[in-house]
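A.B. asks: Handing you a structure now.
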Ligand code: GLN
């Protein structure tokens, strides 16, 4: 991204040339990878507009850069499917706040990327459009649910991409695909125009091969929005400048619960090597403890499914997308539309969530999960209040698994969020950054977690790690 910014600014490269190069690469490689579900028919026109801006000196740091957008974030006049049949043919008439702000900055929307249906999953295999493949090994998953965005950036089909992260859906696929993935603080980026999954957990996040690219995207997307009451009015911060600040004097905690059983040995070693690098660059490393981590997965899957069951009630065949032919009354219409429109994982979530919210069980499940959530949040804030600036953990317990390996076992799929879901429950910002390669030649991601609204610290820490562990793209893609 930094290199492309320079070349666009110096007019060595035009936005139209860059966009065409991306489209040609998509044409050549995406038949195999399947990271896009739809291209923007206006991409070249948008690039030409960006060139006019650049020529007249009205360009900014993102002007002319192509961005791929996860298919649950609205782009006006381009279909949003959320990788679900139920939304077939649904075309939003306006941009999400995040995409609108990026367009104002002059980006080129390349197209919409594949995902797990309604962002429910960790592998991009629950998509009604079929799975995305990992550019590092095409028999492996790209991770999920923002697998299309992660794979597109990893394969050089797009320099930048947007995803959404409810329990790890930006950070885990970023780790699996060897790119940078940022999940901002809850409330940092407006959720207006992001199709809701778990409203108290969802945030739009950013993918790039470089930390600076994620910082540039956040700098343009962040900030108060009248369309989202949970979006914070706090000043946004010097995200790009923070990439060069280094880590001297920072205290970085390694929470021991994130290095326990179930963690792959190569991942463990790579994350510890990243800790050693932070130490060489002047940070103090400290062993810390977050004992409630073991409740994160059950808590997350209660809160997320409960909110999903309520959010997904709006897809009834009347207001959006597809409507099943119905011969009965309105209940029959709902039943047949929802029965045909939603896939199996979505049904499972709706049933779990509806159960957790039902009379008699509400307190026992949902109410209890909310109380545990608050305790988890406090556990993090006590560490940060005690002088820890950042936490370093693995982003996922293993590298990318094989396609089909976990589709028959939802619980093992859910466990791949074990290191990321806590962060959403606590509303914190976190970033996944490559820290090495495992024995199978697959990328490993480390995760940095900061206090709420501490994204600058993430960019400083992740940039230090990035300088030490920059991955060369997979060899079959290196031209
Ligand atoms: N894999 C998690 C889930 O299925 C997280 C998904 C996400 O962050 N959108 O809920």
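Each reported figure results from applying straightforward, stated rules to the coordinates on display, with no laboratory input. All figures in this text were calculated on a predicted structure; none of them were measured in a lab. Cβ sites come from the backbone with ideal geometry, for glycine too, and all protein chains shown count toward neighbours.
A.B. asks: Please label the shape of the stretch 166-251 as rounded, prolate or oblate, based on the square roots a ≥ b ≥ c of the eigenvalues of the alpha-carbon gyration tensor (a/c under 1.5 means rounded; beyond that, a/b larger than b/c means prolate, else oblate).
C.D. replies: Values: a/c = 2.00, a/b = 1.27, b/c = 1.58.
It comes out oblate by the Cα gyration axes.
A.B. asks: How much length is gained if the chain between residue 294 and residue 259 is pulled fully straight, taking 0.36 nm per residue apart and subtracting their Cα-Cα distance, in nm to one decimal?
C.D. replies: On the way: separation 35, 0.36 × 35 = 12.60 nm, distance 1.21 nm.
Between residue 294 and residue 259, full extension yields 11.4 nm more.
A.B. asks: Follow-up. Please compute the modelled spin-label separation between residue 44 and residue 241, points set 7 Å along Cα→Cβ, answer in nm with one decimal.
C.D. replies: Those two pseudo-labels are separated by 4.1 nm.
A.B. asks: Let me ask something else about it. Cα centroids of the stretch 108-137 and the stretch 302-343: how far apart, whole angstrom?
C.D. replies: So the two Cα centres are separated by 22 Å.
A.B. asks: Continuing with the same structure: Above 22 Å lies some portion of the pair distances; for the stretch 57-167, what is it as a whole percent of all C-alpha pairs?
C.D. replies: Working: 1861 of 6105 pairs.
When all Cα pairs of the stretch 57-167 are counted, 30 percent exceed 22 Å.
A.B. asks: Efficiency by 1/(1 + (r/R0)^6): what FRET value for residue 17 and residue 476, r their Cβ-Cβ distance, R0 = 25 Å, to the nearest 0.05?
C.D. replies: Numbers: r = 24 Å, r/R0 = 0.96.
E between residue 17 and residue 476, to the nearest 0.05, is 0.55.
A.B. asks: By the gyration tensor of its Cα atoms, with a ≥ b ≥ c the square roots of the eigenvalues, what is the shape of the stretch 334-479: rounded for a/c under 1.5, prolate for a/b over b/c, or oblate? Provide the component values of the computation, followed by the final result.
C.D. replies: On the way: a/c = 2.71, a/b = 1.27, b/c = 2.14.
Because a/c hits 1.5 or more and a/b fails to exceed b/c, the stretch 334-479 counts as oblate.
A.B. asks: Oh, and also: Largest first and in whole Å, give the semi-axes of the stretch 93-144's equivalent ellipsoid, each being the square root of 5 times a Cα gyration tensor eigenvalue. Write down the numbers at each step before the final one.
C.D. replies: On the way: eigenvalues 144, 38, 15 Å².
Gyration-tensor ellipsoid for the stretch 93-144: 27, 14, 9 Å.
A.B. asks: Just the Cα atoms of the stretch 179-314: what Rg and Dmax do they give in Å?
C.D. replies: 17.9, 52
A.B. asks: Among 261, 149, which comes first, second and so on when ranked by fewest other beta-carbon atoms within 10 Å?
C.D. replies: Working: 261 5, 149 40.
Going from least to most buried by this count: 261, 149.
A.B. asks: If I stretch the segment between residue 314 and residue 229 completely, what's the gain in nm (0.36 nm per residue apart, minus their alpha carbon distance), one decimal?
C.D. replies: Values: separation 85, 0.36 × 85 = 30.60 nm, distance 2.00 nm.
Net length gain for the segment: 28.6 nm.
A.B. asks: Rounded, prolate or oblate for the stretch 404-448? Axes are the square roots of the Cα gyration tensor eigenvalues, ordered a ≥ b ≥ c, and the cut-off for rounded is a/c under 1.5. Mind showing how you got there, number by number?
C.D. replies: Details: a/c = 3.90, a/b = 1.07, b/c = 3.65.
Oblate is the answer for the stretch 404-448, as a/c is 1.5 or above yet b/c matches or exceeds a/b.
A.B. asks: If you don't mind, another one. Give me Rg/Rg_expected for the stretch 91-244, where Rg uses Cα atoms only and Rg_expected = 2.2 N^0.38 Å with N residues.
C.D. replies: Numbers: Rg = 14.5 Å, N = 154, 2.2 N^0.38 = 14.9 Å.
The stretch 91-244 yields a ratio of 0.97.
A.B. asks: By what distance, in whole Å, do the Cα atoms of the chain stretch along each of the three principal axes, largest value first?
C.D. replies: Here the Cα extents, ordered largest to smallest, are 66, 54, 44 Å.
A.B. asks: While we're on this one: If you average 1/r across every pair of different Cα atoms in the stretch 418-479 and take the reciprocal, what Kirkwood value do you get, in Å? Numbers along the way, then the final one.
C.D. replies: Values: mean 1/r = 0.0767 Å⁻¹.
For the stretch 418-479, inverting the mean 1/r across all distinct Cα pairs yields 13.0 Å.
A.B. asks: Given the rule -39500 (n - 2.57) for each run of at least 4 DSSP H residues, summed and divided by the residues of the chain, what is its mean residue ellipticity at 222 nm, to the nearest 500 deg cm²/dmol?
C.D. replies: Counting only the DSSP helices, I get -11500 deg cm²/dmol.
A.B. asks: Sort out for me the Cα centre separation of the stretch 62-97 from the stretch 166-204, rounded to whole Å.
C.D. replies: Result: 16 Å between the Cα centres.
A.B. asks: Another question, if that's okay. Could you calculate, for the stretch 277-334, the ratio of the Cα radius of gyration to the Kirkwood radius, expressed as Rg to Rh? Walk me through the numbers before you get to the answer.
C.D. replies: On the way: Rg = 23.5 Å, Rh = 16.3 Å.
Result for the stretch 277-334 is an Rg/Rh of 1.44.
A.B. asks: Could you give P(r) for the stretch 1-118, binned at 5 Å from zero, as whole percent values over all Cα-Cα pairs?
C.D. replies: 2, 12, 21, 22, 19, 14, 7, 3, 1, 0
A.B. asks: Cα extents of the stretch 352-432 along the three principal axes, largest first, in whole Å?
C.D. replies: 41, 39, 13
A.B. asks: Determine, for 120, 413, 115, 351, the number of other Cβ atoms within 10 Å of each Cβ, and report the residues in order from fewest to most. It would help to have the intermediate numbers written out before the result.
C.D. replies: Working: 120 29, 413 22, 115 33, 351 12.
Final ranking by Cβ density, sparse to dense: 351, 413, 120, 115.
A.B. asks: Return the percentage of antiparallel bridges among DSSP beta bridges fully within the chain, rounded to the nearest 5 %.
C.D. replies: Numbers: 32 of 47 bridges.
Counting DSSP beta bridges with both partners in the chain, the antiparallel share is about 70 percent.
A.B. asks: Just how far, in whole angstrom, is the stretch 1-42 from the stretch 353-381 if you go by their alpha carbon centroids?
C.D. replies: Each part's Cα centre sits 44 Å from the other's.
A.B. asks: Translational diffusion coefficient of the stretch 296-363 at 20 °C, 1.002 mPa s, Stokes-Einstein with Kirkwood Rh over Cα pairs, in µm²/s as a whole number.
C.D. replies: Working: Rh = 12.8 Å.
D = 167 µm²/s.
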